[in-house]
1. As an exercise, use a Förster radius of 30 Å and the Cβ-Cβ distance of Arg400 and Asp435 to find the FRET efficiency, rounded to the nearest 0.05.
2. Taking region 120-224, which GluC sites (Glu not before Pro) meet the DSSP loop condition and have no more than 16 other C-beta atoms within 10 Å?
3. With r defined as the distance between the Cβ atoms of Ala310 and Ser495 and R0 fixed at 22 Å, what FRET efficiency is calculated, to the nearest 0.05?
4. Hey, what D do you get for region 1-139 in µm²/s if you plug the Kirkwood alpha-carbon radius into Stokes-Einstein at 25 °C and 0.890 mPa s?
5. For Lys453, list the lysines whose Cα falls under 21 Å from its own Cα; do not include residues on the same chain fewer than 8 positions away.
6. Taking Cα pairs under 8 Å and at least six residues apart, what relative contact order does the chain come out at, in percent?
7. Measuring from label point to label point, each 7 Å out along Cα→Cβ, what is the Ser143 to Ser365 span in nm?
8. Give me the percent of the accessible area of the chain that comes from carbon and sulfur atoms, probe 1.4 Å, all protein chains in place.
Amino acid sequence: MPSSSSSSSSSSSISIVSKCSVFPYQPSSLNSVKLKLSVSDLPMLSCHYIQKGVLLSSPPYSLADFVSFLKLSLSATLSHFPPLAGRFSTDADGYVYILCNDAGVEFIEAKAKHLTLHALLSPLDLPVYFKDFFYFDRTISYSGHSNPLLAVQVTELADGVFVGCTVNHAVTDGTSFWHFFNTFAEICKGTKKISNSPDFSRNTVFNSPVPLKFPEGGPVVTFNGDEPLRERIFHFTRESILKLKLRANVNNQVTGRKPVNGFYDAGKILGKQGNDSWKTVDGNNGTNNEGNITSVLENLIKTNVPSRTAEISSFQSLCAHLWRSVTRARKLDESKTTTFRMAVNCRHRLNPRMDPYYFGNAIQSIPTVAPVGELLSNDLRWCADLLHKNVVTHDDATVRRGIADWESQPRLFPLGNSDGASITMGSSPRFPMYDNDFGWGRPIAVRSGKANKFDGKISAFPGREGNGSVDLEIVLSPETMAGLERDPDFMQYVSTPV
């Protein structure tokens with residue numbers, strides 16, 4: 001249950017109304033258990049806490065009632081997720097554990113009533129206000145030895161509210177984070193029995209006997225958090241992504257070139273701008289609505305890709321398009337090597353599979369590298385195929401090799417872009433971000449804070465309209481962002497969010 005205190009402290013955009021600690025409604029079922037951090041958890045101790053939140057319209061009752069509901073719901077949710085109410089402890093042998101000791105989490109109530117939903121959503125670049133909607137800004141996960149592992153902040157706006165969750169990254173990956181967030185909203189909405197219970201077992205291949213040694217005073221972040229950056233969300237509809245997927249898959253067969261509707265090249269199908277050729281493809285003189293166009297695209301892909309294993313996915317096609325476009329905007333030397341790094345969920349890649357609701361980090365990073373000259377001189381298919389092969393071959397044996405490699409040289413995860421030629425893709429459009437209905441409808445938008453942001457950091461969110469649409473939260477240097485915005489090949493696929 002919560003214990004509270006009031007505060008009148010303020011920042012440039014918000015005022016803090018109160019802070020309190022919230023404790024599990026019931027004593028932890030894991031009270032006598034220490035959960036050891038795994039090979040996938042430990043590298044995250046030098047990363048910032050995860051900061052993600054949802055923008056909602058105003059609740060249909062007073063904010064005071066909503067805050068009260070949130071506190072009670074958070075307390076109930078913590079009873080299902082006791083590790084989040086705990087603290088870290090390192091033993092004499094250097095092993096780091098989560099003590100499920102019901103030490104509590106932070107809850108913050110704030111006001112920013114001068115800000116409207118329109119003011120937050122209309123600018124091209126993400127407003128700096130969002131960074132004030134989260135607690136524990138710039139806090140690294142190692143500090144969970146003394147700091148709470150979770151903080152929830154609710155900020156009242158002129159015509160809405162923002163609910164921001166800040167969670168220690170060594171405790172959760174994206175899958176676990178959104179599982180908690182969804183359950184929190186579900187309980188606030190009034191459910192008596194949660195949909196999916198978390199699995200806290202530690203009998204997985206990620207449970208290692210090898211400790212990670214830390215420098216005196218603990219680790220530090222591996223990137224410059226003060227470099228000038230621009231941050232913008234680019235929206236891609238299902239139709240746009242299917243056009244990219246068609247470009248990535250047509251003529252991708254190893255067995256040779258195969259004609260599609262009489263053409264040997266996807267560019268001929270799509271036309272120079274991806275629009276005019278629909279007159280040729282479906283014979284309707286360009287009068288298709290979006291549903292018809294997507295159906296045509298889906299059918300072309302289905303009938304011209306030999307198997308599911310050979311098919312380059314929609315997201316891989318979008319990532320390849322982004323990689324080429326950002327690399328082109330950076331104007332790098334052709335001999336330089338560029339890297340596209342993406343995190344993959346290993347729960348379903350292992351044999352036997354892990355529980356899909358395993359609570360913790362169960363991710364590995366897949367780097368794909370290419371010389372800049374080759375990446376830009378070849379087409380989208382070539383680039384997408386590189387990414388595709390890396391993802392589909394990341395199987396049980398690959399996961400286990402990655403664990404063995406880490407055990408031979410234990411290390412923290414090196415976030416950042418030290419060579420100026422890297423892209424790091426985080427989050428996933430598969431995460432159920434818009435399922436966070438607190439009782440009066442789906443979120444208007446999903447946004448993140450300032451945590452773990454550097455040149456080349458990309459976060460993928462589902463589009464609000466669903467149906468396979470994707471929002472890419474792109475963080476770049478001002479010069480690179482301007483180049484990306486001037487790139488017609490990139491911008492022709494970008495749409496205004498619904």
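The values are calculated or read from the model by the stated rules, or taken from the named source; none is laboratory data. Just so it is clear, the model here is predicted, and its values are computed rather than measured. No Cβ is skipped: glycine too gets one built from the backbone with ideal geometry, and neighbour counts run over all protein chains shown. Keep in mind that these areas ignore ligands, DNA and RNA; they rest on the heavy atoms of the full protein, side chains included. Shrake-Rupley method; radii C 1.70, N 1.55, O 1.52, S 1.80 Å.
1. On the way: r = 33 Å, r/R0 = 1.09.
E(calc), rounded to 0.05, equals 0.40.
2. Working: sites: Glu156, Glu186, Glu216; in loops: Glu216.
Answer by residue number: Glu216.
3. Working: r = 29 Å, r/R0 = 1.30.
Working from the Cβ atoms, E equals 0.15.
4. Numbers: Rh = 17.4 Å.
Result for D is 141 µm²/s.
5. Here the lysines satisfying the reach criterion relative to Lys453 are Lys52, Lys131.
6. Numbers: 995 pairs, mean separation 103.3, N = 498.
With pairs under 8 Å counted, the relative contact order is 21 percent.
7. About 2.2 nm separates the two model spin labels.
8. Details: 10380 of 20760 Å².
Summing carbon and sulfur atoms, their accessible area is 50 percent of the total for the chain.
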